[in-house]
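Data first, discussion second: the structure below is written as structure tokens.
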Amino acid sequence: MKIDCIIPAYNEERTVGEVINVVKEVEIIRNIIVVNDGSTDNTANIAREKGATVIENPKNLGKGGAIKNGIENTDADIILLLDADLIGLTKKHVIDLLTPVMNDEADMTVGIFSSGRLATDLAQFVAPNLSGQRALKRYVIDTMDNLDMTKYGVEVALTKHASKMKYRVINVELKDMTHIMKEEKLGLKNGIKARLKMYYDILRCLRT
């Protein structure tokens, strides 16, 4: 059973290194693939220094396109998807996400933040299908069409696809974990602009 981790990353030099460090602690993960989605900062160099395989997107394709490029560069049976901006990720979180899929109790797991901070906990409580922390069997993605077109709606598209195909999905609590919000990364004005773009992609996927 081959297990690889794919981390889509766009200007995440502050956090991507620590995410990779944690994943490296999990011996059952064969490869860590960081898809550098048109970053203009030091994300790619940090990922390489940490020992990850880096795939370069010359321009920003959005999360769906980044994940598709990662999938095309692995033959793994099980894929772990993690965001590059996580705070508080532990080895236990990774194993908890993988175990139900490895044991054939689920086709996909979805990680739900708890006890991290109110803003991110509440968002995932209200809309758990927006979580980017997932483990899944390869066929869950291989049976999807137009993954690259989902952009930041990729999580909604995955959840809808799993429901349509009647795949088994288990939510996994990720205690004491959160992520950096867009407004913190980009400043209030640009953060709100990026968030609205993300919501647009999500709504587009909900309507299809």
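The values are calculated or read from the model by the stated rules, or taken from the named source; none is laboratory data. For clarity, every value in this text was computed on a predicted model and none was experimentally measured. A quick note on method: Cβ atoms are made from the backbone with ideal geometry, for glycine too, and the neighbour counts reach across all protein chains shown. To get the accessible areas, we keep the full protein, side chains included, count just its heavy atoms, and leave off ligands, DNA and RNA. Shrake-Rupley method; radii C 1.70, N 1.55, O 1.52, S 1.80 Å.
Numbers at a glance
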| read-out | value |
| --- | --- |
| Selected residue [open to solvent by less than 40 Å² (accessible area, probe 1.4 Å), small (Gly, Ala, Ser) and modelled with pLDDT under 85] from Ala127, Ala123 | Ala127 |
| Test for Tyr152: is it out of contact with any strand residue (DSSP E or B) (no Cβ under 8 Å at 6 or more places or on another chain), part of a helix (DSSP H, G or I), at pLDDT 90 or above and aromatic (Phe, Trp, Tyr) | no |
| Pair list, Cβ < 8 Å and 6+ apart or interchain, from the range 26-44 residues that are charged (D, E, K, R) to residues that are assigned to a helix (DSSP H, G or I) | Asp37/Lys63; Asp37/Gly65; Asp37/Ala66 |
